[in-house]
Amino acid sequence: MSAQSPVRTFISPSRYSQGRGALASLGTQLAAIGNTPLLVADDDVWGLVEGAVQGSLEGAGLPVTRDPFGVYATAAAVDRIAERIRETGSDVVVGVGGGSTIDAVKAAGHLAGVRWVSVPTIASTDAPCSALSVIYTEEGAFEEYRFFPHNPDLVLVDTQLVANAPARFLVAGVGDALATWIEARAVAEARSTTMAGGQPTTTGTALAKLCWDVLWEYALPAVWAVRDHLVTPAVDKVVEANTLLSGVGFESGGLAAAHAIHNGLTAAPQTHGLMHGQKVNIGSVTQLMLEGAPTADITDFVLFTTRVGLPNTLTEIGLSPDDVDDLTRVAELALAEGETIHAMPFTITVPELVDALRSIESFSREVRAAAGLPEPVPHRAH
């Protein structure tokens, strides 16, 4: 009997809606999913969207019930939301806000056995589209991935809301999304298993590459536009790349070293206060170093990410090449059993990863200096 061929898997949200003023359609689109929604949003986000959300839901004949949210998607936060779903008799739960809110809502919806919807108000991560949640400790350190049998029933993105947010959120999203192709091509080469539970499809890998191409073409003008709270074609394309292309690309294309290094960096208190995509970008540069990528490719990546506003040195995330003990702990966590770094097409050891992390400092500084770009500004955790 011949061995079974590898199964290739592609997954995605049931519906994705994006555009200026898209929030006005939330009620109509929710009504096709459930009758008693529970909305979860922190107080700051709710202050921005309450009027539009209330008008949209009431116009569709739906009740408006909102619960607050804290900072991190912790196990306790997930359990609290799941209990509230049961208490309110809700049949759909809606995460409104950033990646942590949305991840907590997905996990709670799964626990409570109801459908879930993502309404990101920033384009800082690719969390809204995925069938997994990243769970953190109360201090913000990575704890675990939780996987679900399906993706969100709806992802709705209002590009004006995204453009109204500080530009640093879009910048962080670019950092998260740039890793999509860097990791997917490594997974494709290794024929490793993706977050979707199978080997990558041609479609998943191609979308990861499209995400990369869109960002290299449009990220800079999009960031400049968002600084003035403008919605331009470039903004529209980058929001889609950060949210949909990256979300589908990372899940069905695969994660590798860059995101594992991000998870390792959460163990260093010096990095607290940085956004997900900022730490992922450090992971991307380090993965390129581990791969022995062509010097021109790493140079181009450092120059581009510097211009976008992303960190590519240890200094910018509160660390130093001399912090060998801290970097060793980062490497050990990044190489923990089950981490995505093991999807790489070659084995990586702790000393190799520590050296790769230490090497990005001098390389990036030299590249930036030669191009007349600013020196790295030290990050101070808060």
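No lab work stands behind these numbers, since they all come straight from the coordinates. Fair warning: this is a prediction, and the values are worked out from it, not measured in the lab. We place every Cβ from the backbone using ideal geometry, glycine too, and count neighbours over all the protein chains shown.
Relative contact order for the range 255-344 using alpha-carbon pairs under 8 Å, separation at least 6, rounded to a whole percent? This gives 50 percent for the range 255-344. Ordering Ile282, Phe304, Gly89 by the projection of their Cα atoms onto the charge dipole of the chain, which places +1 on the Cβ of Lys and Arg and -1 on the Cβ of Asp and Glu, puts Gly89 at the extreme positive end. Under 5 Å between amide H atoms, partner at least 5 residues away or on a different chain: which partners does Val93 have, H built in plane at 1.01 Å? Counting only residues 5 or more places away or on other chains, the set is Leu38, Arg115, Trp116, Val117. Charging the Cβ of each Asp and Glu at -1 and of each Lys and Arg at +1, and nothing else, the dipole of the range 167-370 about its Cα centre rounds to 440 debye. Sites listed here are GluC sites (Glu not before Pro) in the range 261-342 whose DSSP assignment is loop and whose Cβ has at most 10 other Cβ atoms within 10 Å: Glu337.
Once the Cα atoms of helix 350-370 and of the chain are each reduced to a long axis, what angle between those two axes, in degrees from 0 to 90 to the nearest 10, is obtained? Its long axis makes an angle of about 90 degrees.
Using Cβ point charges alone (K and R +1, D and E -1), the dipole size of the range 16-164 about the Cα centre works out to roughly 440 debye. In a reduced charge model with +1 at each Lys and Arg Cβ and -1 at each Asp and Glu Cβ, the chain shows a dipole moment near 860 debye about its Cα centre.
Over all other residues within a Cβ to Cβ distance under 14 Å of Leu154, the charged ones net out to 0, with Lys and Arg as +1 and Asp and Glu as -1.
Across the range 293-310, the residues whose backbone nitrogen lies under 14 Å from the label position 7 Å along the beta-carbon direction of Ala370 are 294-304. Here is the list for the range 291-360: chymotrypsin sites (Phe, Trp or Tyr not before Pro) lying in DSSP coil, each with at most 12 other C-beta atoms within 10 angstrom of its C-beta, are Phe346. Extension gain for Ala296-Thr349 works out to 16.5 nm (0.36 nm per residue, less the C-alpha to C-alpha distance).
Our note on the geometry: Cα centres of the range 211-276 and the range 282-308, 15 Å apart.
How much length is gained if the chain between Leu210 and Arg20 is pulled fully straight, taking 0.36 nm per residue apart and subtracting their Cα-Cα distance, in nm to one decimal? Full-extension gain reported as 66.1 nm.
Packing, as the average of other Cβ atoms within 10 Å across residues, places the peptides 230-242, 190-202 in the order 230-242, 190-202, highest first.
For the chain, take the longest principal axis of its alpha carbons; what is the angle in degrees between that and the long axis of helix 324-334, to the nearest 10 within 0 to 90? Computed tilt is about 50 degrees. A straight line joining the Cα centroids of the range 142-163 and the range 1-55 runs 7 Å. Between Thr266 and Phe142, the built amide H atoms are under 5 Å apart, and every one of these is 5 or more places off in sequence or on another chain. Each residue of the range 217-225 was assigned a 3J(HN,Hα) from its phi angle through the Karplus expression (A = 6.51, B = -1.76, C = 1.60, θ = phi - 60°), giving 7, 10, 4, 4, x, 5, 5, 4, 5 Hz with x at Gly and Pro.
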